[in-house]
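Structure first, commentary second.
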Amino acid sequence: MPSCNTNCIVKPLSKGFHKLGLFVGKQPWVFLVLPLVLSGGLGGGFYFLGEREASDIEDQFTPTNGQAKTEREYVKTYFPHSDEFSQLRLNTEGTYASLIVFSYSNNDLLSKDLFQKVIDLDNKVRNITTELTGSTYADLCANTNGTCTSNAVLDIVSKADNTSIEYPLHRGVFLGSTIGGVTLKPNSKAIQSAKAVRLFYFLKDAKTEMDESENGAWLQAFIKTFSEEIPVDMISVSHFTSISREEEFERNSKTVIPLFSITYVLAISISIASCLRLDCVRNKVWVALAGVLSAGLAVLTSFGLLLFCGMPFSMPVASAPFLILGIGVDDMFIMISCWQRTRVHDKMEDRMAETYEEAAVSITITTLTNVLAFYIGLLTPFRSVQSFCTYTGTAILFCYIYNITFFGACLALNGRREKGNRHWLTFRKVETPNEYEKSNACSVGGAYDPQTGAEEEMPINFFFKKYYGPFLTNIWTKVFVVFLYAGYLAGSIYGCFQMEEGIQLKNLAPDDSYVVSYYDNEDRYFSYYGPFVMLVIKDENFQYWEKSARENLDMCLKEFESSDFVAKNMTISWLDSYEQTGLNISDKNEFMRNLPTFLNISGFYRDVNISSGKILASRLFIPSINITTTIDEKNMLNFFRHTASTCGQNMDLLVYHPAFIYFDQYAVIVSNTIQNILAATVVMLVISLLLIPHPVCSLWVTFAIASVIVGVAGFMALWDVNLDSISMINLVICIGFSVDFSAHISYAFVSSSKKTPDEKAIDALYNLGYPIIQGAVSTVAGVVVLSAAKSYIFRTFFKIMFLVILFGAAHGLVFIPVFLTFFGVCGSSVEEEKPLREHVDTPGVQPVRAATRNTTQ
């Protein structure tokens, strides 16, 4: 007999839903109209969609508590922007446009003829004007020594003639980020040929809204100019600006709008196909349409409510309706399944009460697990994940509410039509020859079972009982399943070790975006030399004039240079330059008296913060190299921070670069994923123990959660999906689905009244096999069109959801039934007359019913 805990929770719920079903059956129009009015009112929140769209990539896809953001504030405080522009010393990315010019024929781009084309492109950029004021680059450019900051590479190559250009440093100018695809002369640092040149056009900092508007207008004109076909022989051009990522990121969501209409048509088609009956009275076409409409209303209401409340709408949220549609259709199948099990000649109100008593508790369990899984995602420090979880979790909640109100009302009205024996399409009354024979003359397949008074079950249920179940419990099949699972587990674990972390910025733009082309060419030609990282000495008491202190700092720099991530002998240090002046810097007074003059003459005045005759902070610049993959970015960040915290004695160091803002995701993504998975797993187990309290079930729920998560994580890595803020929440989602599949199939097994383990497995598959397939197909159908999206984010959502459903269904239909048979008869203490299985389901799974009705009307 079920434990007291189960009775205390499930029985009151069942009674409450019994009364609700009775009320909905008596007053269906109330429950039909109120959700429509609520949806219409809250749907007005979409008016604010434009205001709520969150397109700031840094805000949405980097940790809110990232260490680099704290470091940036320190750098801004002690090394503020100067009117004299220096790209090296920017504490943000700056406002800029950029071109990568490359020779598609692999000819030397520095040759006189080809390089003249680069100069022509530079002139074209300088002639770009804004539409309103006609401002040019000369009017808006960042200044150095009173003139526009120029691309030094143009001057160097133009004036080089027969003079060799050294690489990567030419007369103190770093060319590693502006000349790419370089081939050096044998045994020399001189360039023999180069395949690409990168040009930067930085604009001055906007001090007013008008400045910001003008900067934006010029950048838009730049994008427009180079988005058009530029006829230049022998070379190709990729362009990019500091506003490009956000603009293309916003365009991403628009690419899935046509796909949603396709999904809606697909959901309607699958729903109708699943609900079609040959009986022209008991056909469920209108009910199927109502189920899809109910899911759509849930999205409209929940999204509108959150938009009214000011919740930011992050772009990944655009994928949520696809999932909601699948889940809503699943719940609809459950309700219809329970309705079909009621006696057709009972009063419509009684049939509704019985349907609610069984189905509503079932979808309550799955809704609870899924909603909690999403809301646990709010623990993450990524705003994009928080936004996605809030919208999706709330939509699932409304989907549940609308299923037991709006859809229930539609089911009741359809029940009235059936009770009146009216045709599903014409609504004309159909004559019934005999009450206990076929329900109407147009019925071909039979309307209901005369023995039970319920509508007849689908033939596929008997397929699982007569064919699939016996096949799966065959000894040789079991052996094959064990080897199959071993292969699945081995592939999953292997994939986990191949996983890369972090989202690449180019993946935030559509596949056909010019941003992708720019990043690809940047990786192709300019990936060897990375950014110059600031090494900030924060210690106000650091004795720069003491030889021992300088030696200590030198040892620290050598420790940095010992890494493969740091270029040798290229560190930019004001202190080294000061030492080379020949001045007496070993005396504190001499050191401090001569320092301001030196800093002004040398240009290092922006690297030392002096106040009241005291150095508050200073900075050096360490060049990085070999940063080609996300793994390199992670390892480089960890190396720099670890070295800064451990090297030297009595030094307080800080390392920073604007790119670290994005690299910070590597520092938290794994720990946050594990934290969310553990939290969600604990919550799911508590729910399972309370609502399905059987020790064997708890064991298999734990097993299935771990197995499915490992499988999804491993195979998503093999499917070129990184562990990032997009995929992280999907791993949490898979916990809810794995609970749905595993808990109910294992409980159906242990609750079966059959004698042997094989018979229990067959009985569980008979009751749950078709509903698992039905739910899996409908959920995948909800997201399958995202596989055609031109966006990494939406394709990732499809890939992970597909893996979740595939592996979850495989565990429910193949692995768990076989593994359960290895444990012998699990001595069920559940009474056959009151099986808890009546109250459980999988996504789209009809509640399992062990006892048959002994009475008919």
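Taken together, the values in this text are just the output of simple stated rules run on the coordinates, not laboratory data. Please read these numbers as outputs of a predicted model, since none were measured by experiment. Here the Cβ is made from the backbone with ideal geometry for all residues, glycine too, and neighbour counts use every protein chain on show.
Towards the positive end of the charge dipole of the chain, with charges on Cβ (+1 Lys, Arg; -1 Asp, Glu), say which of Cys275, Asn626, Ala68 has the farthest Cα.
Cys275
In debye, nearest 20: dipole of the chain around its Cα centre with unit charges on the Cβ of K, R (+) and D, E (-)?
The calculation lands at about 2340 debye.
Please determine, in degrees from 0 to 90 and to the nearest 10, the orientation of helix 695-718 with respect to the longest principal axis defined by the Cα atoms of the chain, where the helix direction is its Cα long axis.
40 degrees
Taking Cα pairs under 8 Å and at least six residues apart, what relative contact order does the chain come out at, in percent?
It comes to 20 percent, rounded to a whole number.
For the range 95-230, what relative contact order do you get, as a whole percent, if you take Cα pairs closer than 8 Å and at least 6 residues apart?
37 percent
Measure up Lys284/Lys799; Lys117/Lys506; Lys11/Lys760; Lys117/Lys195 against 22 Å on the Cα-Cα distance and list the ones that go over.
Lys284/Lys799; Lys117/Lys506; Lys11/Lys760
Once you place label points 7 Å from the Cα toward the Cβ at Lys124 and Leu718, how far apart are they in nm?
For Lys124 paired with Leu718, the spin-label model returns 4.7 nm.
Choose one of Phe560, Ile615, Thr571: the residue whose Cα lies farthest towards the positive end of the charge dipole of the range 528-663 (beta-carbon charges +1 Lys, Arg; -1 Asp, Glu; about the Cα centre).
In the range 528-663, that residue is Ile615.
At a 10 Å Cβ-Cβ cut-off, how would you order Tyr770, Tyr528, fewest neighbours first?
Tyr528, Tyr770
Cut-off under 23 Å on the C-alpha distance; same-chain residues fewer than 8 positions from Lys755 excluded. Which lysines are left, in chain and number order?
Partners within reach: Lys465, Lys466, Lys478, Lys834.
Given Cα pairs under 8 Å that are at least 6 residues apart, what percent is the relative contact order of the range 672-818?
30 percent
Roughly how many debye, to the nearest 20, is the charge dipole of the range 716-826 about its Cα centre, given +1 on each Lys and Arg Cβ, -1 on each Asp and Glu Cβ, and no other charges?
Dipole about the Cα centre, nearest 20: 120 debye.
Just rank Leu599, Leu132, fewest to most, by other beta-carbon atoms within 10 angstrom.
Taking fewest neighbouring Cβ atoms as first place, the list is Leu132, Leu599.
When the helix-only estimate is applied to the chain (DSSP H runs of n ≥ 4, each -39,500 (n - 2.57), divided by the residue count), what is the mean residue ellipticity at 222 nm, nearest 500 deg cm²/dmol?
My calculation for the chain gives -18000 deg cm²/dmol from helical runs alone.
How would you rank Phe802, Phe822, Phe640, Phe749, going from fewest to most other Cβ atoms within 10 Å of each one's own Cβ?
The order, fewest Cβ neighbours first, is Phe822, Phe802, Phe640, Phe749.
Determine the gain in length on full extension of the stretch Leu678-Lys568; use 0.36 nm per residue of separation and subtract their C-alpha separation, reporting nm with one decimal.
Full extension of this stretch gives 35.2 nm more.
With each pseudo-label sitting 7 Å past Cα toward Cβ, what's the Tyr494-Glu579 distance in nm, one decimal?
Each label point lies 7 Å from its Cα, and together they span 5.2 nm.
Under 5 Å between amide H atoms, partner at least 5 residues away or on a different chain: which partners does Gln192 have, H built in plane at 1.01 Å?
It is Thr183, Leu184, Lys185, by chain and number.
How much length is gained on full extension from Leu505 to Asp520, taking 0.36 nm per residue of separation minus their Cα-Cα distance?
Contour length minus the Cα-Cα distance gives 4.3 nm.
Which FRET efficiency value, to the nearest 0.05, is calculated for Ser602 and Asp554 with the Förster distance at 30 angstrom and r the Cβ-Cβ distance?
0.95
What is the sum of charges, Lys and Arg at +1 and Asp and Glu at -1, for the other residues whose Cβ falls under 9 Å from the Cβ of Asn421?
So the environment of Asn421 carries a net charge of +2.
Which value in nm describes the separation of the simple spin-label points at Ala706 and Phe46, placed 7 Å from the Cα toward the beta carbon?
Computed distance between label sites Ala706 and Phe46 equals 4.6 nm.
Given a Förster distance of 25 angstrom, what is the FRET efficiency for Gln27 paired with Lys429, based on the Cβ-Cβ distance and rounded to 0.05?
E between Gln27 and Lys429, to the nearest 0.05, is 0.55.
Let's test the formula: R0 of 60 Å, r as the Cβ-Cβ distance of Phe480 and Ser193. What FRET efficiency results, to the nearest 0.05?
The calculated FRET efficiency here is 0.50.
Multiply the residue separation of Glu250 and Glu561 by 0.36 nm, subtract the distance between their alpha-carbon atoms, and state the gained length in nm to one decimal.
107.9 nm
Can you tell me the dipole magnitude for the range 528-663 around its Cα centre, using point charges on the Cβ only (Lys, Arg +1; Asp, Glu -1), in Debye to the nearest 20?
That gives the range 528-663 a dipole magnitude of about 260 debye.
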